[in-house]
Amino acid sequence: MIFAPFPKKICVMLTAFRDGLQSVFGGNVRVDDVLPAMQAAAAMGIRHFEFGGGARYQAPYFYAGEDPFVCMDKMRDAVGPNADLQILTRSVSGVTLTTQRLKALEMQARLMKKHGTTIDRNFDFMNDVDNLVKTGQPIVDAGMHHQVCVAMMGLPYQSDQVHTPDFYIRLVQKLLSSGIHFDSVCMKDASGTTDPHTCYETAKGLKKILPSEIPLSMHTHDTASMAVACYMAGIAGGVDRIDLSVRPLASGTAQPDVRSMWHALKGTGYALDIDASKMDELEKLLDEGLKEYSFNPVTTSADARVVNFPMPGGAIGPNVQMMAEAGILNRYGEVLAEFPEVVRAGGAWTSVTPGSQQYWLQAFNNVLHGRWKKIDAGYGRSVLGYFGRTPEAPDPAVIKLAIEQLKLEPFDGDPLEKAPDSIALAEEALRERKLALTEENIFLVASAIVPGKNMELNEGIRLLTGKAKINLPLKSKDKPAEIAPAAPTAPAPAATVAAPAFTTPMTTQCTVVEGGFTRTFRVTIDPPAVAGSTAAAPATAIATPAPVAAPAVASQTTPVFSPFEGKVELVDIHVKVGERVQKGHIVAAVEAMKAKHDVRAPCEGVIVEIHADLGSSVSADKPILSIGG
């Protein structure tokens, strides 16, 4: 049992309004739905909030049609000028999923400071010290509190070389030797898989080498039900600050509830600097604000399996939601089972964004296509060194496959210099569309650029042109209408039974379900004819069936569908009407799980019709195009 010989206050950052929203809903929540609760929390005396960065930067304009900078301004107004507002940034990726150049990260830091940020927590999923030093400097230059991270994770296999207390302590020693200024250090475990002993030994070792004026923070998730135990161990080792949340945005894949931690510290001499008695009131306000949202039990429940698939709470939520939309949630367990292999083969980088997404997509590809048959672009680039140095050496066989499939050579230089110039690309896109070249607009477009993705589908362009995609996890309001039982009626006389009344060929559509696959076909039917006459049968024809011409054979066209049963976005069409294609030819691409997936022609033929527009939702029963024989 831990015990403080002298009373000690443990400072709390309330994560409900960033990590809580991200872990439970993937960040896909309208800001106005949580502002009343945030304003009340400030009135209760809470002075440290997490409010932006991470997925909560992109989610507002990717899925809610909201400007993230406007959201940040509203949140700053809600808590007043004196509260600390903290963001999360991803080293060479900033608030994106790809690598950025230094000038993009400098713009990011200026904008975050301008829109209310006081503390920037910066981590590197590779734990690459050079990356942390170079990306930390813009934070310092912008005048924000620079909190540098040790990214932690419990390995799903045995190793005494990485993700140990000594490994983490050596990392901070290198940071101290680098000369980069930082104001605090955070032990950040995004997946909640680090064991309490490692938390204790790491905290104890870091406190020995850190100057006394540098506070030590700790962040974890309750996905494996270990968060309170890990926080207790960290506090015993010297942790000064911890991250907590409040129901319904606490526990499960998020941080523990304030009340749980308050209760665990009773009688230890340690106390929180937050009033746990106010949490019931705050919970009611959050329940009210989020009453229209549908909570997924996968994100609100603990899952002990996470110790073998180190996936961040903030990534489980959106990935589960995307799998459900794509109609493949039944394969969730198979994807998880691939995690130990993709972590080992990749080089044991930390499972935190964007590294966690790369692990997830590679595991997903292994399930969908066969192990290593398709190397995810992000995973492959990490294996080849484009995000920095991996903690362990990647599997040589996977390196070879990444080189062959991605047509890239291994890289050991500076990821910041190798990154595309997203700022220049964004400025060009804004000029072409005659949109204002403000720093906010430039960064909105630049931070949504994905290599190979059509600029018309860039979420920044969509937002600025009024075409933002709205995809919120709201409860369904389309309840089936109640139908009263019909009163019995006498059958109509035979002479008045209606016969089919159409005089020209009629095209209709039928859906066939076979072996779990749904396919839609167009069928053309000739009109019925009466014997001895070319006229159509009257509507009041006698009941005796008239001789009917055989229906015409359905036109020889083959519809081409998305490979996913559920809804996904059509992001590329590679063919035109009249173009001849061979079987297996890539005709289109859809986006699922934040990655592109090819759509191939099921047969040889000519493109006779394109049914879907770029950016539209398609599924296994909504054809993208048709191929004629």
**OP:** State whether one or more residues within the stretch 81-93 are acidic (Asp, Glu) and over 17 Å from Met144 (Cα atoms).
**Re:** no
Subject >> Every pair of residues 6+ apart whose Cβ atoms lie under 6 Å, when the first sits in the stretch 188-211 and is of a type in the set (Asp, Glu) while the second is modelled with pLDDT of 95 or more >> reply: Asp189/Met152; Asp189/Thr220; Glu201/Pro165
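Any residue in the stretch 407-426 that is closer than 23 Å to Ala104 by Cβ and of a type in the set (Phe, Trp, Tyr)? Step through it out loud before you land on a result.
Of the residues in the stretch 407-426, the ones closer than 23 Å to Ala104 by Cβ are 408, 411-426.
Remaining after also requiring of a type in the set (Phe, Trp, Tyr): 411.
Yes; the residues of the stretch 407-426 include at least one that is closer than 23 Å to Ala104 by Cβ and of a type in the set (Phe, Trp, Tyr).
Being in a helix (DSSP H, G or I) and touching a Pro at 6+ places or on another chain (Cβ under 6 Å) narrows it down to one of Val228, Val320, so name that one. Before the answer, list the steps.
Numbers: Val320 fails: touching a Pro at 6+ places or on another chain (Cβ under 6 Å).
Result of the check over Val228, Val320: Val228.
Yes/no matrix, rows are residues, columns are (1) over 20 Å from Pro391 (Cα atoms); (2) within 31 Å of the chain's Cα centre (by Cα); (3) surrounded by 24 or more Cβ atoms within 10 Å (Cβ to Cβ):
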site	(1), (2), (3)
Gly154	no, yes, no
Phe167	no, yes, no
Gln173	no, no, no
His181	yes, no, no
Cys186	no, yes, yes
Lys204	yes, no, no
Met218	yes, yes, yes
Thr223	yes, yes, yes
Cys230	yes, yes, yes
Original post:
Would you pick out the residues in the stretch 382-402 that are in contact (Cβ under 8 Å) with a residue 60 or more places away in the chain and among the charged types (D, E, K, R)?
Top reply: Arg389, Glu392
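State all residues of the stretch 362-371 that are assigned to a helix (DSSP H, G or I) and surrounded by fewer than 24 Cβ atoms within 10 Å (Cβ to Cβ); if no residue qualifies, say none.
Within the stretch 362-371, the first condition is being assigned to a helix (DSSP H, G or I), and the residues that meet it are 362-369.
Of everything in the stretch 362-371, those that are assigned to a helix (DSSP H, G or I) and surrounded by fewer than 24 Cβ atoms within 10 Å (Cβ to Cβ) turn out to be Asn365, Asn366, Val367, Leu368, His369.
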Original post:
Residues Gln39, Gln108, Gln58: which one is surrounded by 24 or more Cβ atoms within 10 Å (Cβ to Cβ), in contact (Cβ under 8 Å) with a residue 12 or more places away in the chain and not acidic (Asp, Glu)?
Top reply: Gln108
**OP:** Can you work out which of the residues in the stretch 328-347 that are in contact (Cβ under 8 Å) with a residue 60 or more places away in the chain and buried (at least 18 other Cβ atoms within 10 Å of the Cβ) is nearest to the chain's Cα centre (by Cα)?
**Re:** Ile328
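The values are calculated or read from the model by the stated rules, or taken from the named source; none is laboratory data. Note that the structure is a prediction, hence the values are computed from the model and not measured. For neighbour counting, all protein chains shown are included, and Cβ atoms are generated from backbone atoms with ideal geometry for every residue, glycine included.
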